[in-house]
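S.K.: Below you'll find the structure I mean.
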């Protein structure tokens, strides 16, 4: 008798920078979510798809839960709540390198608001922690809730224990056929993935207040006739002229660097060489303006 396959949705929650997007990419085996040391880097619910003989996991990478200061922040939080209400399993992430704090406790408690989902605790970044730290973290995390289906330490970077997590997540999924074709790794459009790669490049090395103010739109994308070149025209949108100056840098040096880094990520995705034209545009206080948010896809 053939074993029944399982499929369903899982999302990872936790404070900003606990390694949720890195874990998503490691499980999928391909970069579907951008990573940055800046909080709230993820802006949309990005689905990564992991196929195994036993079934299919659809991983929904969401923005971190945080106190919103803008309309964008409010919309990101409601997006997280919507995802948490829909998934089959919630993975609560805590880094092995940091003690469990009030923010972790608050998020762990909030999971009671989503009774439909099974809960798994994940201690991340074990490659950067000592054995004692890992043991201490596992005990702290275990005591946060009584209904953990499992408590798993792992490293997305070294892939240590990733298979243990995958098997556990699949076991917790409902029985059913795959939700996506076997060759699909994400339901993100190519343009969205390219915009995210550009935003990731623009985020690198910027000051704390700027990351939230950066959005990217793709104006045009087309193969150049008679060549193996793809032309991409994109806008980097910020909120103030001073931010525009930071992104462009002295005599355009920073923008050129952003373009170079972004191109390196985009070319393997489109399968050709890329001509990337970047313009920096100012949309005043776009994070607080419903019309601008709509135009930028939020």
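The values are calculated or read from the model by the stated rules, or taken from the named source; none is laboratory data. As the structure is a prediction and not an experimental result, all values here were calculated from the model. A quick note on method: Cβ atoms are made from the backbone with ideal geometry, for glycine too, and the neighbour counts reach across all protein chains shown.
S.K.: Any residue at all in segment 127-134 that is assigned to a helix (DSSP H, G or I), crowded, with 20+ Cβ neighbours inside 10 Å and out of contact with any strand residue (DSSP E or B) (no Cβ under 7 Å at 6 or more places or on another chain)?
M.R.: no
Condition check ((1) without any contact (Cβ under 8 Å) to a residue 40 or more places away in the chain; (2) under 21 Å from the mean Cα position of the chain (by Cα)) across all residues:
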site	(1), (2)
80	no, yes
86	no, yes
103	no, yes
107	no, yes
120	no, yes
123	yes, yes
134	yes, no
141	no, no
144	no, no
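S.K.: Count, please, the residues in segment 170-186 that happen to be surrounded by fewer than 16 Cβ atoms within 10 Å (Cβ to Cβ) and under 30 Å from residue 278 (Cα atoms).
M.R.: The number of residues fulfilling the criteria is 1.
S.K.: Out of all the residues in segment 145-158, is one or more part of a helix (DSSP H, G or I) and surrounded by 14 or more Cβ atoms within 10 Å (Cβ to Cβ)?
M.R.: No, every residue in segment 145-158 fails to be part of a helix (DSSP H, G or I) and surrounded by 14 or more Cβ atoms within 10 Å (Cβ to Cβ).
S.K.: Quick check on my filter: what residues within segment 260-279 are in contact (Cβ under 8 Å) with a residue 12 or more places away in the chain and either closer than 14 Å to residue 229 by Cα or surrounded by 19 or more Cβ atoms within 10 Å (Cβ to Cβ) (or both)?
M.R.: Once the filter is applied, which keeps residues that are in contact (Cβ under 8 Å) with a residue 12 or more places away in the chain and either closer than 14 Å to residue 229 by Cα or surrounded by 19 or more Cβ atoms within 10 Å (Cβ to Cβ) (or both), segment 260-279 yields 262, 263, 266, 269, 270, 272, 273, 274, 275, 276, 277, 278.
S.K.: Please determine whether any residue of segment 253-273 is at pLDDT 85 or above, in a strand (DSSP E or B) and either touching a strand residue (DSSP E or B) at 6+ places or on another chain (Cβ under 6 Å) or in the same structural domain as residue 55 (by TED's automatic domain parsing) (or both).
M.R.: Yes, segment 253-273 has at least one match.
S.K.: For segment 289-298, what are the residues that are more than 20 Å from residue 190 (Cα to Cα), touching a residue at least 12 places away in the same chain (Cβ under 8 Å) and surrounded by 15 or more Cβ atoms within 10 Å (Cβ to Cβ)?
M.R.: Residues satisfying the conditions are 289, 293.
S.K.: Look at segment 242-252 and say how many of its residues are touching a strand residue (DSSP E or B) at 6+ places or on another chain (Cβ under 6 Å) and surrounded by fewer than 16 Cβ atoms within 10 Å (Cβ to Cβ).
M.R.: The total comes to 0.
S.K.: Next question. Is segment 41-52 home to any residue that is in contact with a strand residue (DSSP E or B) (Cβ under 6 Å, 6 or more places away or on another chain), closer than 26 Å to residue 140 by Cβ, at pLDDT 70 or above and outside any strand (DSSP E or B)?
M.R.: The answer is no; no qualifying residue exists.
S.K.: Of all residues being surrounded by fewer than 21 Cβ atoms within 10 Å (Cβ to Cβ) and at negative phi in segment 29-40, which is modelled with the highest pLDDT? Just the residue, please.
M.R.: 30
S.K.: Within segment 80-102, can you find the residues that are modelled with pLDDT under 85 and closer than 24 Å to residue 30 by Cα?
M.R.: 80, 83, 84
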